[in-house]
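Step one of this worksheet: look at the structure below.
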Amino acid sequence: MTQKYAVVLAAGQGTRMKSKLYKVLHPVCGKPMVQHVVDQLNKLQLEELITIVGFGAEKVQDQLGNKSHYVVQKEQLGTGHAVQQAEDILADKEGVTIVACGDTPLLTEETLQNMVDHHIETEAKATILTAHAEDPSGYGRVIRGGNGQVERIVEQKDASTDEQAVQEINTGTYCFDNKHLFEALQNVSNDNAQGEYYLPDVIQILKGQGEVISAYQTTDFSESLGVNDRVALAKAEKMMKERINTAHMRNGVSIIDPDNTYIGPDVTFGQDVTIYPGSILNGNTHVEDDAVIGPHSTITNCRVGTESVLKQSVASNSKIGTRVQIGPFAHIRPDSSLGNDVKIGNFVEVKKAEFGDGSKASHLSYIGDASVGTGVNIGCGTITVNYDGHNKFLTTIEDDAFIGCNSNLVAPVTVGKGAYVAAGSTINQDVPAEALSIARSRQTNKEGYAAKIQSNKKD
Ligand code: UD1
Ligand code: CA
């Protein structure tokens with residue numbers, strides 16, 4: 001089997017983005033562009049993947065972590081120069097190197113694999129992934145000879161009028177024989193309109209040496225979309241969104257308004273999930289069968305159980321059980337875990353809290369740093385007083401406890417199993433199991449007092 005390596009070009013500053021954020025870190029469907037490219041490449045069982053990073057390198061490394069090795073390109077002298085930075089690692093390795101750009105987020109594993117297969121079948125030393133573009137402006141054009149064979153690639157800025165009319169473009173993705181790639185790169189010059197060392201010049205050099213050059217044309221132009229500015233970024237978002245939503249609908253998810261539903265590339269679903277408009281699902285979220293999401297809900301890195309419903313709510317980094325009802329207007333903050341048949345109703349905020357099966361906080365509460373047992377009822381307006389300005393403390397509410405409305409539970413504190421807390425209580429000592437705790441001043445009724453006030457007013 002041919003050994004496969006990959007180089008991802010991500011050192012350019014991306015001046016055309018006019019952004020403080022490094023170009024390849026701009027997200028498409030919630031995931032940075034370069035991460036899309038690296039994730040697709042990593043599905044190809046590579047020996048090694050190297051990302052070429054430049055200015056702002058730490059941020060790219062923080063994003064990709066151990067999914068890549070890194071080489072720094074100190075000065076951005078062009079795409080050819082960028083690939084050369086991997087020479088020390090790759091030049092003496094037998095096999096093929098796939099080169100892709102960090103700004104082509106729509107590239108798929110399937111197309112990359114087809115390109116590699118084509119490269120191997122045709123025994124080429126270089127294979128270019130090309131596409132037919134209705135509007136080829138901005139891309140390098142693929143120039144073929146009279147016999148239809150690829151001769152070279154010419155950049156827009158170096159192209160003659162005739163060459164500019166060519167609609168077959170270089171997607172910026174290639175497959176090379178390792179050794180030939182690095183030998184040819186030695187001969188690339190920067191004698192061109194941009195004064196840069198162009199990677200595509202390798203094609204002409206290898207052709208001149210009589211080597212076989214192949215082209216593999218994608219049928220889907222979207223895959224080649226290179227994002228150089230925010231107009232292209234919006235196009236990429238739209239295309240990716242459509243691709244993701246269509247795949248889920250074909251797989252049994254009902255999306256009421258796909259134009260207004262935003263699903264990240266790593267989100268997964270069971271069957272018969274329904275998603276209402278204005279919903280955003282991101283990260284490693286998984287939604288199980290028959291759940292209903294939205295309208296207007298944002299879910300990040302959550303597991304949502306079967307038949308759960310989440311309306312007009314926000315949830316992140318949490319686990320939501322089966323038949324859980326959330327919202328409208330609830331906020332499930334990180335590290336929360338809701339058991340089965342839990343209800344988190346209107347204007348309830350939950351943070352780092354665990355709810356056992358069947359427990360409910362139906363209205364206007366803050367439950368943070370809490371461990372709530374099963375079958376607990378938390379009355380409207382209950383607050384866990386978890387913070388003294390320096391530290392956070394835990395509130396424990398044991399199984400079947402009943403917390404009356406408008407109670408403050410001053411942590412650290414425990415309400416025992418089956419205990420009752422009277423409405424309006426401020427609880428700062430543990431409540432024993434099965435007890436009733438009343439912690440509010442006793443009501444005094446002054447009979448006939450209204451008349452006294454009225455007579456005082458007359459004086
Ligand atoms: C490049 C191709 C062009 C192709 C297009 C496809 C060249 C000379 N041209 O043009 O033929 O049609 O991609 O999208 O290769 N980069 C570095 N170091 C550098 C320069 C660039 O790492 O010194 C990286 C960038 O971060 C980017 C990628 O290489 O991810 C491509 O560079 P970019 O400037 O966007 O090239 P294009 O002008 O789009
Ligand atoms: Ca580009």
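Where a number appears in this text, it was derived from the coordinates with a stated rule and is not lab data. None of these values were measured; they are calculated from a predicted model. Glycine also receives a Cβ, built like all others from the backbone with ideal geometry; neighbour counts cover every protein chain displayed.
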Handout entry: Per-q log10 I(q)/I(0), the chain, q = 0.11, 0.13, 0.14 Å⁻¹ (Debye; single scatterer per alpha-carbon; no solvent)
Key = -0.89, -1.07, -1.16
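If the only charges are +1 at each Lys and Arg Cβ and -1 at each Asp and Glu Cβ, what is the size of the charge dipole of the chain around the Cα centre, to the nearest 20 debye?
Working: 41 positive and 57 negative charges, 515 e Å.
Using only the charged Cβ atoms, the result is roughly 2480 debye.
Report, in deg cm²/dmol and to the nearest 500, the calculated mean residue ellipticity at 222 nm for the chain, where each DSSP H run with n ≥ 4 adds -39500 (n - 2.57) and the sum is divided by the residue count.
Numbers: 10 runs with 92 residues, N = 459.
Taking each H run of at least 4 residues, the total per residue is -5500 deg cm²/dmol.
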Exercise for the section: With an 8 Å cut-off on Cα pairs and a minimum separation of 6 or more residues, tell me the relative contact order of the chain in percent. Expected result: 8
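Within the set of other residues whose C-beta is less than 11 Å from the C-beta of Asp158, count the net charge using Lys and Arg as +1 and Asp and Glu as -1. Spell out each step's value before the answer.
Details: positive: Arg141, Arg152, Lys157; negative: Glu155, Glu163, Asp191, Glu196, Asp201.
Net local charge, Asp158 excluded: -2.
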Exercise for the section: Taking a cut-off of 26 Å between Cα atoms, list the lysines near Lys179, but don't count ones fewer than 8 places away on the same chain. Expected result: Lys4, Lys43, Lys67, Lys74, Lys93, Lys125, Lys207
Completion exercise
When the charge dipole of the chain is computed with +1 on Lys and Arg Cβ and -1 on Asp and Glu Cβ about the Cα centre, the Cα farthest towards its positive end, among Leu185, Gly381, Ser316, belongs to Gly381
Exercise for the section: Among Gly358, Val273, Gly226, pick out the residue whose Cα is farthest towards the positive end of the charge dipole of the stretch 224-376, where Lys and Arg carry +1 and Asp and Glu carry -1 on C-beta, about the Cα centre. Expected result: Gly226
Fill in the blank from the handout: The set of residues whose placed amide H lies less than 5 Å from the amide H of Ile397, leaving out same-chain residues fewer than 5 positions away, is Ser371, Val372, Gly373, Val415
Exercise for the section: List the residues whose amide H sits under 5 Å from the amide H of Glu48, counting only those 5 or more places along or on another chain, with H placed 1.01 Å from N in the peptide plane. Expected result: Ala6
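Give the shape of the stretch 64-106 as rounded, prolate or oblate, defined through the alpha-carbon gyration tensor: a ≥ b ≥ c are the square roots of its eigenvalues, a/c under 1.5 means rounded, and otherwise the shape is prolate if a/b is larger than b/c and oblate if not.
rounded
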Problem - Val385 long-range amide H proximity, modeled H, under 5 Å - result: Leu409, Val410, Ala411
Fill in the blank from the handout: Bridge orientation stat for the chain from DSSP, antiparallel percent rounded to 5, came to 20
Problem - Computed E for Asn391/Gln209 - FRET, C-beta separation, R0 60 angstrom, nearest 0.05 - result: 0.30
